[in-house]
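The values are calculated or read from the model by the stated rules, or taken from the named source; none is laboratory data. Predicted, not measured: the structure shown is a model, and the values here were computed from it. Cβ sites come from the backbone with ideal geometry, for glycine too, and all protein chains shown count toward neighbours. Keep in mind that these areas ignore ligands, DNA and RNA; they rest on the heavy atoms of the full protein, side chains included. Shrake-Rupley method; radii C 1.70, N 1.55, O 1.52, S 1.80 Å.
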Amino acid sequence: MTILITGGRGKIARAVAAGLVSAGRDVRIASRSPEDLPGAVGWDFGDPSSLAAAIDGITQVFLYAEPSTAGVFATAADAAGVRQVVLLSSMSSQADNEDAAGDPHAETEALVGRGSYATTYLQPGAFMSNAIFWSHSIRAVGQVRLPYLEAEEAPIHEQDIADVAVRVLLDGPGGEHDGRGYPLTGPESMTRRSQLAQVAEITGASFEAVDLSADEARVEMGAAMRRPAQLEALLSYWSSRVGSPHPIEPAVEKLTGHSGRTFRTWLADHPGVFA
Ligand SMILES: NC(=O)c1ccc[n+]([C@@H]2O[C@H](COP(=O)([O-])OP(=O)(O)OC[C@H]3O[C@@H](n4cnc5c(N)ncnc54)[C@H](OP(=O)(O)O)[C@@H]3O)[C@@H](O)[C@H]2O)c1
């Protein structure tokens with residue numbers, strides 16, 4: 001049976017598709033810009049008929065959604081008889097996170113969870129691929145400008161998120177993954193300053209790491225956030241992680257059988273990013 005993968009142009013979706021194909025499964029790739037991906041189908045939340053067409057005959061979905069689109073998806077998936085949805089969510093949605101109230105990922109999980117299919121929520125913390133944004137900043141101004149450089153994160157490689165998604169989809173609905181949220185981290189806690197030091201060491205990139213105050217971050221990062229409250233939640237979270245090593249979650253190793261990839265590996269896997 002064919003598995004639908006939404007957010008087709010994304011790094012995680014591409015890795016999920018490759019993993020499923022190499023396991024012998026058929027996939028259908030959906031994208032908001034299908035013209036950029038040979039063989040992809042359209043996926044336009046403003047046009048429910050595109051969702052109905054993309055999801056026709058599908059029983060499993062790897063989903064990228066947000067609060068404004070999750071309900072539309074759930075309706076289309078129920079109508080199509082979908083049996084399993086693996087949602088790319090975020091660690092910020094976790095119930096024991098005091099900032100979860102009002103978090104868009106928590107809201108998306110709740111909306112997607114209303115469907116009659118089995119649902120699994122992948123809840124990664126910081127992505128190693130955030131380093132791509134740093135590379136843009138290095139090229140533009142020779143600096144990486146971030147608040148709380150001493151905050152500890154356990155960033156995760158997109159391939160590890162994809163490997164977990166593939167495991168859950170290959171196992172299918174009706175088992176241990178139904179209704180579960182899997183917090184996902186990389187294998188080591190690192191400050192952002194130490195991640196930047198590895199960038200410089202491994203890639204040879206030359207730049208200044210600028211530790212922004214919270215107010216400076218509000219000005220510089222606010223526009224990129226879906227909601228102002230999201231930035232406030234992030235600032236409060238990063239502040240709480242200064243001097244506090246990030247817990248390493250066991251799910252990547254438990255579900256994939258391999259340890260999470262290190263940030264050094266991510267840098268080696270993406271030689272062009274800082275070239
Ligand atoms: N960056 C982090 O540290 C981090 C940590 C935890 C969770 N997350 C979450 O992980 C998700 C992916 O983040 P990302 O930055 O890697 O992905 P991204 O590159 O922004 O997007 C990945 C793909 O998802 C699809 N997409 C993006 N916005 C969409 C929208 N509004 N509606 C439907 N599809 C959309 C796009 O595919 P098409 O254009 O092909 O449709 C895009 O290529 C986000 O929800 C983010 O909040 C990020």
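The residue that is surrounded by the fewest Cβ atoms within 10 Å (Cβ to Cβ), among those in the stretch 42-54 that are touching a Phe, Trp or Tyr at 6+ places or on another chain (Cβ under 8 Å) and touching a residue at least 24 places away in the same chain (Cβ under 8 Å), is Phe45. Could you tell me whether the stretch 93-114 includes any residue that is part of a loop (DSSP other than H, G, I, E, B), touching a residue at least 24 places away in the same chain (Cβ under 8 Å), touching a Leu at 6+ places or on another chain (Cβ under 8 Å) and surrounded by 23 or more Cβ atoms within 10 Å (Cβ to Cβ)? No, the conditions are met nowhere in the stretch 93-114. In the set (1) in contact with a Pro (Cβ under 9 Å, 6 or more places away or on another chain); (2) open to solvent by 30 Å² or more (accessible area, probe 1.4 Å); (3) of a type outside the set (Phe, Trp, Tyr), Ser90 fails one condition alone, (2). For the stretch 231-243, a tally of residues being open to solvent by less than 40 Å² (accessible area, probe 1.4 Å) and either of a type outside the set (Lys, Arg) or assigned to a helix (DSSP H, G or I) (or both) returns 4.
Within the stretch 152-161, the presence of at least one residue that is touching a residue at least 24 places away in the same chain (Cβ under 8 Å), of a type outside the set (Val, Ile, Thr) and more than 13 Å from the ligand (Cβ to nearest atom) is confirmed. Only one of the numbered conditions (1) within 16 Å of the ligand (Cβ to nearest atom); (2) in contact with a Ser or Thr (Cβ under 7 Å, 6 or more places away or on another chain); (3) assigned to a helix (DSSP H, G or I) is not met by Arg167, and that is (1). Residues that are modelled with pLDDT of 95 or more, within 8 Å of the ligand (Cβ to nearest atom) and not polar (S, T, N, Q) within the stretch 84-124 comprise Leu88, Pro124, listed in sequence order.
For Glu188, the conditions (1) in contact (Cβ under 8 Å) with a residue 40 or more places away in the chain; (2) open to solvent by 60 Å² or more (accessible area, probe 1.4 Å); (3) not in a loop (DSSP other than H, G, I, E, B) are fulfilled apart from (3).
Filtering Gly19, Gly39 for residues that are open to solvent by 70 Å² or more (accessible area, probe 1.4 Å) and more than 11 Å from the ligand (Cβ to nearest atom) leaves a single hit, Gly39.
Can you find, within the stretch 55-83, the residue that is farthest from the chain's Cα centre (by Cα) among those that are within 11 Å of the ligand (Cβ to nearest atom) and of a type in the set (A, V, I, L, M, F, W, C)? Reasoning before the result, please.
So the first thing to find is which residues in the stretch 55-83 are within 11 Å of the ligand (Cβ to nearest atom), and the list is 62-70, 72-73.
Filter again for of a type in the set (A, V, I, L, M, F, W, C), leaving 62-63, 65, 70, 72-73.
On the way: Phe62: 12, Leu63: 11, Ala65: 11, Ala70: 16, Val72: 21, Phe73: 18 Å.
If we take residues in the stretch 55-83 being within 11 Å of the ligand (Cβ to nearest atom) and of a type in the set (A, V, I, L, M, F, W, C), then Val72 is farthest from the chain's Cα centre (by Cα).
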